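Handing you this structure, nothing more for now.
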Amino acid sequence: MSIECLQISKAYKNKSLFKDLNIAFEKGICNCITGENGSGKTTLLKIVAGLEKADFGNVRVKGTCTYSGSNPYMLRGTVMENILYPLTLKRQGQQSDLKKVQAMIAQLGLDGLEHREAHSLSSGEKQKVALGRALVWNPDILLLDEPTANIDVETIERIEHILLEYVKDPEHTLLLVSHDLEQARRLSGETWVLKTQGLSKVNPKVL
Ligand SMILES: Nc1ncnc2c1ncn2[C@@H]1O[C@H](COP(=O)(O)OP(=O)(O)OP(=O)(O)O)[C@@H](O)[C@H]1O
Ligand SMILES: [Mg+2]
């Protein structure tokens with residue numbers, strides 16, 4: 001297991017989102033979380049990412065971890081510079097970095113936008129850039145909050161293909177929040193519904 005949530009609880013003011021939540025997410029598959037608006041999916045993902053604190057309990061995360069939210073932040077600079085940024089932090093060889101970024105741009109269908117200011121992009125285009133920026137780092141754990149919510153049908157196919165390739169590596173763990181149960185079915189991993197009682201496993205084929 002690379003992500004383990006041990007007895008975690010979270011409440012905002014008087015609203016309890018989840019209590020004593022125990023869950024371990026498997027490597028090498030897509031772990032999909034769905035649930036009603038406001039049920040706490042984003043909060044749970046942020047707790048796993050270390051961006052929010054649980055009120056009680058612990059989260060164990062083994063390996064490098066990248067989180068991409070549903071309203072992604074664009075860094076100043078071009079699309080290319082945004083996607084390249086994590087690799088400059090890793091200080092890899094410039095030439096191979098550029099090749100990786102170009103391949104990611106092509107995979108996500110962002111060709112032609114390489115030199116556009118990232119701030120000037122549409123929300124769907126920004127979401128693609130954020131996904132590219134998360135993937136190019138090749139983290140052990142990828143946390144994605146509704147990554148295809150604003151995305152056109154053709155690109156959803158491309159992204160799902162990329163995610164399926166990502167989890168082919170048995171050391172990779174994908175935790176994905178999505179309202180799209182057809183998507184959960186296509187990614188064919190494990191699917192949970194988040195409710196105040198906790199996470200319950202569901203079969204998206206029969207929902
Ligand atoms: N910082 C905060 N302060 C107070 N309440 C918050 C805060 N963050 C989230 N909440 C509340 O906690 C609840 C869960 O929010 P969260 O964003 O985790 O839900 P969600 O399941 O991701 O919903 P959606 O499907 O709409 O994205 C909501 O009622 C929200 O208003
Ligand atoms: Mg959310």
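For (1) at pLDDT below 95; (2) touching a Pro at 6+ places or on another chain (Cβ under 9 Å); (3) of a type outside the set (A, V, I, L, M, F, W, C), each residue gets a yes or a no:
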residue: Thr78; (1), (2), (3): no, no, yes
residue: Asn82; (1), (2), (3): no, no, yes
residue: Leu89; (1), (2), (3): yes, no, no
residue: Gln95; (1), (2), (3): yes, no, yes
residue: Lys99; (1), (2), (3): yes, no, yes
residue: Ser120; (1), (2), (3): no, no, yes
residue: Arg133; (1), (2), (3): no, yes, yes
residue: Asn150; (1), (2), (3): yes, no, yes
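Moving to a separate point now. (1) loosely packed, with under 14 Cβ neighbours inside 10 Å; (2) away from ligand 1 (no atom under 16 Å from the Cβ); (3) more than 18 Å from the chain's Cα centre (by Cα); (4) among the basic types (Lys, Arg): which one isn't true of Arg60, the others all being true?
Among (1) loosely packed, with under 14 Cβ neighbours inside 10 Å; (2) away from ligand 1 (no atom under 16 Å from the Cβ); (3) more than 18 Å from the chain's Cα centre (by Cα); (4) among the basic types (Lys, Arg), the lone unmet condition for Arg60 is (3).
Can you give me the ranges of the strands (runs of 3 or more DSSP E) entirely in the range 107-207 with at least 3 residues that are hydrophobic (A, V, I, L, M, F, W, C)?
Qualifying strands (runs of 3 or more DSSP E): 141-145, 173-177, 190-195.
Could you say whether any residue in the range 96-110 is closer than 20 Å to Cys32 by Cα and not aliphatic (A, V, I, L, M)?
No: the range 96-110 contains no residue that is closer than 20 Å to Cys32 by Cα and not aliphatic (A, V, I, L, M).
Can I ask one more? Can you name the residue in the range 135-152 that is touching a residue at least 40 places away in the same chain (Cβ under 8 Å) and surrounded by fewer than 24 Cβ atoms within 10 Å (Cβ to Cβ) and, of all such residues, is farthest from Thr173 (Cα to Cα)?
Residue satisfying both the conditions and the ranking: Ala149.
Something else: Being part of a loop (DSSP other than H, G, I, E, B) and near ligand 2 (Cβ under 10 Å from one of its atoms) is the filter here; which residues of the range 24-63 pass it?
Gly35, Asn37, Gly38, Ser39, Gly40
For every residue, the table says whether it meets (1) on the phi < 0 side of the Ramachandran plot; (2) in contact with a Gly (Cβ under 7 Å, 6 or more places away or on another chain); (3) not acidic (Asp, Glu).
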{"residue": "Asn58", "(1), (2), (3)": "yes, no, yes"}
{"residue": "Lys62", "(1), (2), (3)": "yes, no, yes"}
{"residue": "Ile83", "(1), (2), (3)": "yes, yes, yes"}
{"residue": "Leu89", "(1), (2), (3)": "yes, no, yes"}
{"residue": "Gly132", "(1), (2), (3)": "yes, no, yes"}
{"residue": "Leu135", "(1), (2), (3)": "yes, no, yes"}
{"residue": "Glu146", "(1), (2), (3)": "no, no, no"}
{"residue": "Asn150", "(1), (2), (3)": "yes, yes, yes"}
{"residue": "Leu163", "(1), (2), (3)": "yes, no, yes"}
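What pairs come out if I take residues in the range 79-92 that are within 17 Å of Lys128 (Cβ to Cβ) and pair them with residues that are basic (Lys, Arg) whose C-beta lies under 8 Å away, six or more apart or interchain?
Qualifying pairs under 8 Å: Val79/Arg116; Asn82/Arg133; Ile83/Arg133; Tyr85/Arg133; Pro86/Arg133.
Looking at the range 153-166 only, could you name the residues that are surrounded by 14 or more Cβ atoms within 10 Å (Cβ to Cβ) and closer than 26 Å to Glu36 by Cβ?
The answer is Ile156, Ile159, Glu160, Leu163.
What's the total number of residues in the range 1-23 that are of a type in the set (Ser, Thr, Tyr) and within 16 Å of ligand 2 (Cβ to nearest atom)?
Here the count works out to 1.
The values are calculated or read from the model by the stated rules, or taken from the named source; none is laboratory data. Bear in mind the structure is a predicted one, so any value in this text is a computation, not a measurement. All Cβ positions, glycine included, derive from the backbone under ideal geometry; neighbour counts span all protein chains shown.
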